[in-house]
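Have a look at the structure below, then the notes.
The values are calculated or read from the model by the stated rules, or taken from the named source; none is laboratory data. Model, not experiment: these values are computed from the prediction. Glycine gets a Cβ as well: all are built from the backbone with ideal geometry, and neighbour counts include every protein chain shown.
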Amino acid sequence: MDDSSIPSLLSSDVQGNSNLDLEDELSSFRSQWQQEIKSRSPRGQPGATDSQNDYVLEQAKVLFLKGSQLEQSGRLYEAVEFYKRATQLVPDIEFQVDFTSLHGPRERQESESSIGSVDNEELEDKLMEHLQSLQLSEDVNSRKSCHPEYDQRTTHISVLPVELLNYILRWVVSVDLDMKSLENFSEVCRGFYLAARDEGIWRSACQKVWGSNTGKCKKFGGWRNMYIQRPHLLYNGCYISKLSYVRPGEKSLDNFYRPFHVVEYYRYVRFFPDGAVTIMTSPEDPPSVLPKLKHKYTKDTGMLTGVFKQIGDRVTAVLKRVKTKDQTIPYYKKHQRQRNNNDMEMTYYVELELSNVGKKSFAKLQWIDYSVTTKYMMTGQENTCQLLDNKGYPDLIFSRVRSYTSSSEIPLL
């Protein structure tokens, strides 16, 4: 090795040592930089965030529960304010609130133990059976069927016991079977609704209508459903039909025109729950005739009275003409007419069919048969004449008459 090569070797060694020093400094700088970054980053930041979220959630729960308590006490406006403040903190706070915290520890323990011991489905079934069997439990326990809306000094109807209220309803329905008034009574409040649905009242009404042919209510699901669905006559009014025809008048002397008369008259049929029926034909309007048909013992000219029987949707009746005394006829002529009337007896036979009209159930009667049998007392001979004519006997439509049920004489028993 010559002297000229020695400097080159020394220079290469110096360069290698310098490169190693630079790498060491670079690695140390990197490690220091990483340590500084770690030291600057807040180690407790995740924990602080969690604690802050928990604090906000607790505040929202407190506000929401406060609003729930205010709502239960009836202070709705204040409750809404607390609900708003709670949802502003946590939008879904209502799904994160434990409502059992509103109850005492003993209540929570009992509820948890009962839920753990009884299956959910069995609990629901028992609850439904309990509610169905105790529809009036709250009212019966408190002996009140309703509560007064306003304070008053006089005695309110809510003070009456349920048994007395039921007896009053039987007077409302009465023997005239005014079921329309009973339905109107049920629309007042929940307590009156339940009182008007008493099965005893509807059972008595069904027995009053069908008697020994009432049967059982299992097919209809209840006595009220039987009364509504099964065909029956309506007793709180009258079945009415209007008839009109043209009759030629008297001819004039000059024969320039032929006069005609339009004749109008009404036919009224009134049924009573005890089996009595009254038929009356009159040219007078209903307002003047209907008061005469309020009682079955009324006697008027042109009136037929008798009895009826209903089988299914068919109604058959047997009637006789009412005998009235005419005071305007002289005594000898009146005696002669009475003797002539006693020589024969007329019996009317009627058969009608019940049907619906519009939304009204069993409010229309259609004529099926109408005949009269005349019996002569002297000879015993009987003659039967058919009177039915489709044009002369239109359908009878029921019209409710409030004056018939404005007062009650006998309750429904």
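Selection within the range 188-228: residues that are closer than 18 Å to residue 162 by Cα and of a type in the set (A, V, I, L, M, F, W, C). The member of this set that is surrounded by the fewest Cβ atoms within 10 Å (Cβ to Cβ) is 188.
Looking at the range 151-166, which of its residues are in a helix (DSSP H, G or I) and loosely packed, with under 14 Cβ neighbours inside 10 Å? Explain how you work it out, then say what you get.
Going residue by residue through the range 151-166, those that are in a helix (DSSP H, G or I) are 157-159, 162-166.
Passing the criteria: 159, 163, 164.
Of all the numbered requirements in (1) among the β-branched types (Val, Ile, Thr); (2) surrounded by 13 or more Cβ atoms within 10 Å (Cβ to Cβ); (3) closer than 28 Å to residue 205 by Cα, residue 281 misses one, and that requirement is (3). Of the residues making up the range 214-269, those that are over 30 Å from residue 203 (Cα atoms) and assigned to a loop (DSSP other than H, G, I, E, B) are 249, 250, 251, 252, 253, 254, 255, 256, 257, 258, 259.
Residues that are among the hydrophobic types (A, V, I, L, M, F, W, C), surrounded by 14 or more Cβ atoms within 10 Å (Cβ to Cβ) and part of a helix (DSSP H, G or I) within the range 68-90 comprise 70, 79, 82, 86, 89, listed in sequence order.
Report whether or not residue 267 is in contact with a His (Cβ under 7 Å, 6 or more places away or on another chain) and over 30 Å from residue 411 (Cα atoms). Reasoning before the result, please.
Values: in contact with a His (Cβ under 7 Å, 6 or more places away or on another chain): no; over 30 Å from residue 411 (Cα atoms): yes.
Against the criterion (in contact with a His (Cβ under 7 Å, 6 or more places away or on another chain) and over 30 Å from residue 411 (Cα atoms)), residue 267 does not qualify.
For the residues 257, 245, 227, the requirement of being of a type outside the set (D, E, K, R) and within 30 Å of residue 323 (Cα to Cα) singles out 245. If only one of 170, 224 is under 20 Å from residue 410 (Cα atoms) and either at pLDDT 85 or above or in contact with an Asp or Glu (Cβ under 6 Å, 6 or more places away or on another chain) (or both), which one is it? Going through 170, 224 in turn, the sole match is 170. Return a yes/no flag: does the range 392-399 have any residue that is in contact with a Pro (Cβ under 9 Å, 6 or more places away or on another chain), closer than 25 Å to residue 196 by Cα, among the hydrophobic types (A, V, I, L, M, F, W, C) and surrounded by 14 or more Cβ atoms within 10 Å (Cβ to Cβ). Taking every residue of the range 392-399 in turn, none turns out to be in contact with a Pro (Cβ under 9 Å, 6 or more places away or on another chain), closer than 25 Å to residue 196 by Cα, among the hydrophobic types (A, V, I, L, M, F, W, C) and surrounded by 14 or more Cβ atoms within 10 Å (Cβ to Cβ). Taking residue 30 as the residue in question, decide whether it is at pLDDT below 75, charged (D, E, K, R) and outside any helix (DSSP H, G or I). The answer is no for residue 30.
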